Structures are given as structure tokens and as C-alpha cells.
Amino acid sequence: MLKDNIIERSANFVILLPILWIFTGLFLLKQGDKPLVVLTLISAAISLLIYKTSVCKKNTKNPYLWLMFGLLFISIICESLHIYNPINFRSIAIITVLLCFLPLTLITNKTLSIIIFIATINSFIFVFWFSYINILGRGSWPINAIPYSTYICFIAITSLILFFSSKNNIIKCILLLCLCLNITTIIMTETRGALVALVPTLFSLIFYHSCKNKTIKRNALFSVIGLVIICGLSYPIIEQRINQTTTDIASIKSGNTNTSIGLRLDFWKAGFHLIKESPIIGYGTNYFQQLDKLANEHIIPQYAAAYKPLHFHNQFVDISVKCGLLGLLFLFALLIFPIIKLKNKTSNEALLIYSYTSILILAGLTDVPFFHKQLFLIFFIMIGIMYGRNKQQLKN
């Protein structure tokens, strides 16, 4: 019996390795999705060996999985016909295989709490190392700091939701520590867009939980105290970013947009003009000549066009320029589908879906989360898992 129990636990651990990887190694390596391919195939093989086809049969009843199959089919068609494909083929293939064979009963609150704890320590060490020990500018980090900070937002919001639902005081304390550490880590990345995404989502969750449990005054007090402590400890970084933002705004007002904020505004302006020119199907990636044209017409500065941006620093402008308004509508359909189809709209799984979507939309105002395959993977995998759990009404 003991031997069988050890074998079962070991098998389940291997099955869960892809989930652990998307919260850790996926964001530490530029090609972190390549090991994920191997881990996903091993996980699927072990799942078939242990659970036979029962898991696959149950998971394929999930409409969200069929939506992912649809994305995979579109991606295959685009790749075959050499059409611009906003969907990373390897990523969507990983997502469909994993969601097809992953036993959702293994994703318990306890398991997720352990993964979140490991992810929190991992991300803090990573950012602290390159910020204070082996000091490198954000542009020289092994992974882009902007999507990395959005990933930390996912960890932070998950730790808060698990904190509210946990009954164990020790686990609650660990999760609260994770939340504080994640917020501090995001501040250390010096990424303003991540805070814009995280803060409203966090306070919305706290407000919802406070109203539900009639603890508004207590939670408001604790939230303010926690925020003051975190901001106090991180004040030098916050002050530097405030000063940089003030300088950027002053520069823009004087007519110089060659700053971090200014260039974003130029790209958005260019994007809106390009959307007007080709509103239905977009330009794919053939928009660089159009940027030069806009520069020659003095709509945007020459230095903005010469920058040759790979994206427009706004998820919704970017998809509209490249895929037209049809692409934008499809993106919104992807985001809204799991929300409107939820079976239990107040469960932990539902709260995670709302929160992940909120973070992605708010982060998408200044970045392109879906452009980064790591965020594409973690978002759709976690939404798929939580939607599946919600549909099957699984208990932790």
C-alpha cells in the first residue's frame, strides 16, 4: 500500500511539472517554452498511463478546450498559407495538449499554494539578483522586465485569492507574505504598467471580499498599513520612477516625445491612423513603410518611425493594426467567453479568471501581453484549468 501511494504521488508530481514550470522556469529562460514541450508530452504520457482515457474524456467536454483547438486549427492554416499569425503555434499546441490530459483534480488550493510560494521566492531572487547583486539594466535582463512584471502580477493576485479562501492560519500567513513580496518585487522591476494592472485588481478583490464578509473597516485598515509599509521600504525606487515620469511629461509638453512615455504616445497615434487606413483586415507585419509615410507627413516624428517597433505598446491598438477590427473583436471574444460561460460565478476559480483577465486588459494598455509567448501560455493554461474546474464543480 505504501509503495503504491509513493508511486501515485510521484506520478502526480510528474504530471504537474508543466504547471510548476510555467510559474518558474518558463520566465527564466528566453526559450523556456521548449523544455515545456518535453514536460507537457511526459505529463500527457504519464496521465494516459495512470488514468487511461478517463481524464481526456472528461476534459474534452470543456467548451474552452475546444476553443483552444479552434485556435490551433487557425494557427495551422495560417502557418501553411504563410499568412500573418498572431498566435504562437508552439504555445497553442502546448496549451491544447496540456488541457486535454491534465487531471484537474490535482490542481487543489494546497498544490497551487505550494507552486505560488515557489514562484514568489523564485521571482524575488531573480529580480533582486539583477537589481542589487549582479547589477544589470532592465534591457540586459535574460527576460524582458515588462512581461516578467505582469507574470508576477498573476502570482500576486493568486496568492491573495488563496489567502482569502484558506482556513489554515500558517498557510494564510505564508500567502500574505507572498503577496507583499510580489508587490515589492514588481516595484523593484520599475515597471509602471504592471502596477497600473495590479493595484485596481487587488483593491477590487479586497473590496469584494470585504463586502461579502462585512469586514470593510478592518480590511481597509490592514490594506492601508500594508501599502504604507511596502511603499516605505521601496521609497527610493518609487521616488525615482515618479521623478522619471515627471521629467518625461515635462519633455512631452515641450515638444520632445523621444522618451519612454512619449514614444508610446507616438506609436498609439500612428496605430490609430493605420487602423483608419485598413480597418478590416489590418497590415500584418507590413506596416513599417506606413510608419515612414506618417513620419514624412509629420504625423509622428522621424525618430519614432526609425524605431521600427515590433508592436505598438498597446495590445488593442497592436491587434487592430495587424489583424484589423475583426482581430480585435476576436480578442475580446477570447477574453469574454470564459467569463460569460462560468457555471459558478463566485467561486475561487471564477475570481481567478476575473482577476487574470483584468490584469491582462490593464497591462495591455501599455504593453502587448499576448505578444510575449510566456504570458500567452500562462494566461490560457490557467484560464483553461480554472474554467474546467468551475465547470466540473471540483472541490479542493
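Of everything listed in (1) more than 17 Å from residue 352 (Cα to Cα); (2) surrounded by fewer than 23 Cβ atoms within 10 Å (Cβ to Cβ); (3) under 18 Å from the mean Cα position of the chain (by Cα); (4) touching a residue at least 24 places away in the same chain (Cβ under 8 Å), the single unmet condition for residue 202 is (1).
Within segment 317-340, the set of residues being exposed (fewer than 14 other Cβ atoms within 10 Å of the Cβ) and among the aromatic types (Phe, Trp, Tyr) comprises just one member, 332. A single member of 98, 102 is over 28 Å from residue 314 (Cβ atoms), buried (at least 18 other Cβ atoms within 10 Å of the Cβ) and in contact with a helix residue (DSSP H, G or I) (Cβ under 6 Å, 6 or more places away or on another chain), and it is 98.
Condition check: farther than 29 Å from residue 122 by Cβ and surrounded by fewer than 21 Cβ atoms within 10 Å (Cβ to Cβ). Does residue 58 satisfy that? Considered against the rule, which asks whether it is farther than 29 Å from residue 122 by Cβ and surrounded by fewer than 21 Cβ atoms within 10 Å (Cβ to Cβ), residue 58 comes out as yes. There is at least one residue in segment 360-368 that is within 20 Å of the chain's Cα centre (by Cα), within 18 Å of residue 88 (Cα to Cα) and not in a loop (DSSP other than H, G, I, E, B). Tell me, yes or no, whether segment 341-354 has at least one residue that is among the hydroxyl-bearing types (Ser, Thr, Tyr), crowded, with 23+ Cβ neighbours inside 10 Å, at pLDDT 90 or above and assigned to a helix (DSSP H, G or I). No: segment 341-354 contains no residue that is among the hydroxyl-bearing types (Ser, Thr, Tyr), crowded, with 23+ Cβ neighbours inside 10 Å, at pLDDT 90 or above and assigned to a helix (DSSP H, G or I). Taken together, 146, 155, 174 contain a single residue that is more than 23 Å from residue 30 (Cβ to Cβ) and touching a residue at least 60 places away in the same chain (Cβ under 8 Å), which is 174.
Among 315, 302, which is over 27 Å from residue 113 (Cα atoms) and without any contact (Cβ under 8 Å) to a residue 40 or more places away in the chain?
So the residue among 315, 302 that is over 27 Å from residue 113 (Cα atoms) and without any contact (Cβ under 8 Å) to a residue 40 or more places away in the chain is 302.
Restricting the search to segment 34-57, which residues are more than 12 Å from residue 103 (Cβ to Cβ) and under 27 Å from the mean Cα position of the chain (by Cα)? Residues satisfying the conditions are 34, 35, 36, 37, 38, 39, 40, 41, 42.
Please work out if residue 92 is in contact with a helix residue (DSSP H, G or I) (Cβ under 9 Å, 6 or more places away or on another chain), among the β-branched types (Val, Ile, Thr) and surrounded by 19 or more Cβ atoms within 10 Å (Cβ to Cβ). The answer is yes for residue 92. Of the numbered criteria (1) over 23 Å from residue 178 (Cβ atoms); (2) surrounded by fewer than 15 Cβ atoms within 10 Å (Cβ to Cβ), the one residue 72 fails is (2).
The values are calculated or read from the model by the stated rules, or taken from the named source; none is laboratory data. The structure displayed is predicted, hence computed values, not measured ones. No Cβ is skipped: glycine too gets one built from the backbone with ideal geometry, and neighbour counts run over all protein chains shown.
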